[in-house]
Each structure stands twice: as structure tokens, then as C-alpha cells.
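Heads up: the structure comes next, in C-alpha cells.
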Amino acid sequence: MFSLFQKKYNNPALLEKIRETQERWFTFLGKLEARMEEMSTAAIPELRDLFNQDNDPYKRAHGHMLQGLLGQINQMRHKANEAREENIFCFVSAAEATLPAITSNAGQEYHNALYAFRMACSDRYHLFDEKLNHHITLLQKAAGEQDLEAIYREELTIFENIRDKFSCKQCGGNITIPQMFFIATYVNCPFCKTQNTFMPSTGAQLVLHQARSLAEQRTAHLLHAYEESVPKNETLYKQYLRAMFDEWNKIVPDMAGENEKFYQRLLNDHLINKLK
Amino acid sequence: MSQEENKRTLTYLERLKQKAATQENYGGEVVKEDAKMKVRDCPECGAGRAYQHGLTACAYCGFVFMDVKLTDGVHIKKENNS
């Protein structure tokens, strides 16, 4: 009977190695997190600053910087993934291979220790991953949104001021532009009936480009209400989508027919994703 | 965080910001243009294109402005064919 106890598998070195690896893994992730925290805290005011300075209508300089920062964060994710693969998973598999069967008493103890180690490391990794996603959201939302409503109102005023100021290139008669156009269009001269080509200003053309974003900004509270509802209330989503498209059509009435098809598609897509 | 590491982040951020701000965009700067009116009159006889005569050919001398057949678009309709 004593000889049985003597034969019992004993490997304190492995336990020590497990403890050490876990400690190293926790410190490693802690360092990555500190670095991430430091970078995003320093970057957020800079991002906002660049967004406000950026004269480009698409805010591309801000976009470049944001991409650079997100690249850094993804690099950290990549590093953590690699380290997890090498130092946790490979280590666990290699150690398991040397242990006695899990059904034996001693084997079970060590398998349990390995299992606990693996779970602790994974949980720590998930915490890290959550923080990483949190920082990504912070960076993406750092600059806020462009005040599209103000830009749109300004374009409307500009258009009201210039709509009577054009004359027919053929006969010189005054032409009043009948409505706000966002793309080049033919306008009839009321005197000689010549078809003049009216080319809207760059600002007016951008309204078409920003119309959906503006409509989304106007109806953001409805989307928020849907996202806050628990469980998700489909009626609220339909209300939001309808209101968003109504606003969109108000801004660009010419596209109402096409937008209606798009509305149906988005609604269907939403229902399909819901059923999954 | 040590002083040195803090400095490293700052210089990295400054470099990134500067690079983002000075990087040339694909397609160049956006040039803001004012709204304008143009007309395409007939190069043969100088007549304008009137709505009721269509857009594809000159109603006076028959000069062909475009070979394509117009279809319904946002502002141009298929009735605009000459």
C-alpha cells in the first residue's frame, strides 16, 4: 500500500511552470492594456482637433489618423493572439501529453490544474478583448459628427440667393431655377425655350452625398430608442427606418422612388437577420 | 508610465497626426465650384436645343448631338429624344 503512494505521479515543477506562465500572461496583457490606455487617452483630443481643422468635406485627414490608430490597436490584438497561441495553448497541449491519464487520481489533479490555468488565461484574454473593443469605440466616436444640418441649411440659403440670378446663354433672358438640383440638369429658358444646362455648386452636390447621413442624424433618437428596448422592439425599428427615409426623401425628393426600393430591402434584411 | 515611454507615445501621435494632415488625398483636393449655367448650341447653325424638339438632334439643320437613345432618368426622360 505504501509503495502505491510512492509511485504517485508528482511534478511540482509543472505546477510552478503553470503559475509562472499565468503570471507572465497577466503581466503581458496588463502592459498591453496600459499602453493602449495611454495611447487612446492621448489620441482622443488630437483626433478631435484634427477633425475640426480638417477642411476636406469628407474629413479624410481625420480618417487617415483614425485608421492609423486602429491599426495600432489591432496590432496589439494580433500580438496577444500570437502569445496566447504559443504560450498558453501550445503549453497546455504539450503538458497534457506528458501527464498520466485523466482517469487516474494523480492525473486528474494535474489535468484540473491545467484546466483551471487555461480558463483563467482565457478569461483574462476576454477582459483584454473587451477593453480593446471599448477603446476602438472610443477612438471612433472621439471626434463626434459633422453638423450636417447646419451645412444643409447654409446650402439652402445659398440656393435661395442665387436661384434668380441666372440667364439664358442663348437669348440672355432671366431663368429662375425651379427647385434645388443636386446633379446637372436641363433647365428651360421661358423665353426662347432653349435647354440650358444647370450645374449645381460643389456644396449642393455634396448635399446629395450627405443626405442619408443627415437623415440618420435627424432620426438618431428613434434608432437609439430601438437599440435601448429590451427585448428589441421591431415596431420601433420600423418606425425609425420609415422616419429616416421620410427625412431623406424630404432632402432629396428626386430619389424617392429609388429610395423606396432601398427601404424595402433594408427592412427585409433586418427581418432576415432577426430570424437567424 | 515612465516619462520616456510617455514621450514616445506623444512623438508617435504627433508624427501620425502630421502625416495624416499632410497626406495628399487620392484625386487631390476638393475644388469648390459655384453653380453655373451652360448651354450647348448647335455647332452647325447656332440654334439652341428647345425642349419640344428634343435633345438629341438640332431641329433646324438636323445636326446630331448624340447617337444614344435617351431613357428615363431622374431629370431626363425618354420623351426628350428628338
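General observations
- Looking only at residues of region A:17-41 that are surrounded by fewer than 17 Cβ atoms within 10 Å (Cβ to Cβ) and among the small types (Gly, Ala, Ser), we find that the one that is nearest to residue B:19 (Cα to Cα) is A:34.
- Qualifying residue in region A:147-159 (condition: among the hydrophobic types (A, V, I, L, M, F, W, C), more than 14 Å from chain B (Cβ to nearest Cβ), in contact with a Ser or Thr (Cβ under 8 Å, 6 or more places away or on another chain) and assigned to a helix (DSSP H, G or I)): yes
- Selection of region A:228-264 for residues being loosely packed, with under 13 Cβ neighbours inside 10 Å, in a helix (DSSP H, G or I) and either aromatic (Phe, Trp, Tyr) or within 22 Å of the chain's Cα centre (by Cα) (or both) yields only A:228.
- Residue count for region B:7-25, restricted to those that are more than 7 Å from every other protein chain (Cβ to nearest Cβ) and in contact with a helix residue (DSSP H, G or I) (Cβ under 9 Å, 6 or more places away or on another chain): 4
Quick grid of which residues meet (1) in contact with a Ser or Thr (Cβ under 7 Å, 6 or more places away or on another chain); (2) away from every other protein chain (no Cβ under 14 Å); (3) modelled with pLDDT under 90:
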residue: A:192; (1), (2), (3): no, no, yes
residue: A:207; (1), (2), (3): no, no, no
residue: A:243; (1), (2), (3): yes, yes, no
residue: A:251; (1), (2), (3): no, yes, no
residue: A:263; (1), (2), (3): no, yes, no
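- Condition check for residue A:267: modelled with pLDDT of 90 or more, under 23 Å from the mean Cα position of the chain (by Cα) and not assigned by TED's automatic domain parsing to the domain that holds residue A:57: yes
- Scanning region A:171-186 for residues that are facing chain B (nearest Cβ under 9 Å), surrounded by fewer than 20 Cβ atoms within 10 Å (Cβ to Cβ) and not in a loop (DSSP other than H, G, I, E, B) yields a single hit, A:186.
- If you check A:63, A:30 for being within 14 Å of chain B (Cβ to nearest Cβ), farther than 17 Å from residue B:14 by Cβ and over 23 Å from the mean Cα position of the chain (by Cα), only one passes: A:30.
The values are calculated or read from the model by the stated rules, or taken from the named source; none is laboratory data. It should be emphasised that the depicted structure is a prediction, and the values quoted were computed from it without experimental measurement. No Cβ is skipped: glycine too gets one built from the backbone with ideal geometry, and neighbour counts run over all protein chains shown.
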